[in-house]
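Asks: Got a structure here, written out as structure tokens. Questions coming.
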Amino acid sequence: GTFMTMTEEKQIGQVEVQESQILFTDKDSGQIYKTGVMDDPDLIYRLKDSGAVFASEIVEQMSPFLSFLLSWLLPILIFVGLGQLMSRRMMNKAGGPNSMMFGAGRSSAKIYVKSAEGIKFSDVAGEDEAKESLTEIVEYLHNPGKYREIGASMPKGILLVGPPGTGKTMLAKAVAGEASVPFFSISGSEFVEMFVGMGASKVRDLFRQAKEKAPCIVFIDEIDAIGKKRDGQMGGNDEREQTLNQLLTEMDGFEGNTGVIILAATNRPESLDPALTRPGRFDRRVPVELPDLKGREEILKVHAKKIKVADDVDFRQIARMASGASGAELANIINEAALRAVRDGRRFATQSDLEESIEVVIAGYQKKNAILTDKEKWTVAYHEIGHALVAAKQNHSAPVQKITIIPRTSGALGYTMQVEEGNHYLMTKEEIENKIATYTGGRAAEEVVFGTISTGASNDIEQATKLARAMITRYGMSRDFDMVALETVRNQYLGGDASLTCSGETAAEVDRQVVELVKKQHEKAASILLENREKLDELAKFLYEKETITGEEFMQILNK
Ligand code: ADP
């Protein structure tokens, strides 16, 4: 109405017809009005007649208050808000609660305090030497003054080296538990991020946190992930090197007696950068080896406390059977035994549960429905007795513990479990040769009895060859090469692959000698079996019928 009236009274100053509205001004006051569009084709002419000016930019003015708010207060508010966020981020870095968005450069070290984990040295069985070295650290954390007084400084870093599953992580936690100090744990691979530079900032962050919480223990697991030698090759891993450099700098940066002790674990000490292992950084190395017989027994006992076992379980016997097992495997054996007891409806684990679970861990579960033909079963029986008989007849070889021809899920159709009576630290040349003969005994028995051979000996062949090769290339037990190393071992704790370090001709000669050595032992095994053919038949028949025989049964028949 106002619009129409003003048009008629020629009161309109400017007008702008937009798609959805019409804006117009009062000629005298300049006041802006707006109204809806109307479907009136003549409107334009009437407006023109009224003397209105068609404009294109009549701006709706905001109220002065609103415009003040928008132009002054809003920017200030935005800046204040940003400032708050930034300062919160800084606080986070200083150890505040984790913030999802800005936490990218923080170290994700988990903190354990004594009460939460509570692992003590008594929980770590065996490993007495390692514990002894680490006790000093605990002592120091308890009473640093005693050390400062005399001017001694603790090593900044201690490297725990050993095969997987021997309790390195446990030992580090136990040090923290015994000393009742905070324990930061982080894995080497966690430092290496998708974004370059993050690793270095995480290292900085970790050390800052640690220094704030000192005295404390920082544990870096799998340190070889960042501590590998810097080889300077093209296309090297920049991120990793930056992280390592930062670690080196940080370790130099803090004083010896601040109370921050860094423990690190690795399976590949030889691949670590020399700068990392020099005195002043990781200057102490604590080997954590596979447990010996006594150690295995103790580890079994520690873990057996967690489950119900029969009173008459002979842990020494189990430990003897599980030769070469790591702490983690022994823990697994105990757990498997408990599972088996439950499966069979018993209320506690018995000796046979434990024995069976060793075999499960070594060779896999029994394959209940594997059907061997009669011929195959005889072949396997002779093969296994062949191993055992050759082992028993050479007086240097350990007696057998158990022979079985029940197929396992690992693919083994049968196996002979040898038992070492005590610990062996050295092996003589004869002992290794006898061992090779024992490996070849299975195949030899097939030849002697059936006059033909099968595929069943592939694993024996591998083992025998490995030993024979090591004798020549590493132990200097051949006539021709004397005490010359022809191979170097890498990854000592991870299977120990070896690489040849000799000329092609020498390698060919080594191959020839390896063949000769194995052949000689193979012939020896065959002749032992031929000499004892009757015993071989008798034992194989017994095994064929019973499927599993113990070492005592075996020796009884042999000595009859
Ligand atoms: P690593 O760090 O050397 O690979 P861990 O310390 O993680 O091995 O050990 C793995 C598991 O094995 C432990 O949780 C523990 O159950 C068992 N274990 C290993 N060594 C021992 C030991 N000496 N005493 C008791 N348990 C052990």
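Every number in this text was worked out from the coordinates using simple rules, so none of it is lab data. Note that the structure is predicted; figures quoted are calculated from it, not measured. Every residue, glycine among them, receives a Cβ derived from its backbone with ideal geometry; neighbour counts consider all protein chains shown.
Asks: Show me the ranking of peptides 34-42, 144-152 by mean Cβ neighbours inside 10 Å, starting with the highest.
Replies: The packing order, highest mean first, is 144-152, 34-42.
Asks: Which distance in nm do the two modelled labels at residue 462 and residue 86 give, with both placed 7 Å along the Cα-to-Cβ direction?
Replies: Here the modelled spin labels are 6.1 nm apart.
Asks: What do you get for Rg/Rh of the range 292-365 when both radii come from the Cα atoms and Rh is the Kirkwood radius?
Replies: On the Cα set of the range 292-365, Rg over Rh gives 0.92.
Asks: Under 8 Å for C-alpha pairs, at least 6 residues apart: give me the relative contact order for the range 471-560, rounded to a whole percent.
Replies: Normalised by residue count, the contact order of the range 471-560 is 15 percent.
Asks: Over the range 2-54, how many percent of alpha carbon pairs lie in each 5 Å bin up to the one with the longest distance?
Replies: 5, 22, 37, 28, 7, 1
Asks: Roughly how tilted is helix 374-393, in degrees to the nearest 10 and between 0 and 90, from the longest Cα axis of the chain?
Replies: With rounding to tens, the tilt is 70 degrees.
Asks: Only Cα pairs under 8 Å and at least 6 apart count here; give the relative contact order of the range 2-54 as a rounded whole percent.
Replies: 38 percent
Asks: Give the span of the chain's Cα atoms along each principal axis, as three whole-Å numbers ordered largest to smallest.
Replies: Taking the Cα atoms of the chain, the three principal extents are 137, 72, 63 Å.
Asks: Turning to a different aspect of this structure: I need the peptides 7-15, 384-392, 298-306 ranked by packing, meaning the mean over residues of other C-beta atoms within 10 angstrom, with the highest value on top.
Replies: In descending order of packing, they fall as 384-392, 298-306, 7-15.
Asks: Hey, what's the Kirkwood Rh for the range 374-559 if you take every pair of different alpha carbons, in angstrom?
Replies: One decimal place: 17.3 Å for the Kirkwood radius.
Asks: Here's a follow-up. To the nearest 10 degrees, how steep is helix 429-450 against the longest Cα principal axis of the chain, on a 0 to 90 scale?
Replies: 80 degrees
Asks: Output the pairs from 168/429; 156/308; 308/560; 294/466; 306/402; 229/306 with a Cα-Cα distance over 31 Å in this structure; if there are none, say none.
Replies: 168/429; 156/308; 308/560; 229/306
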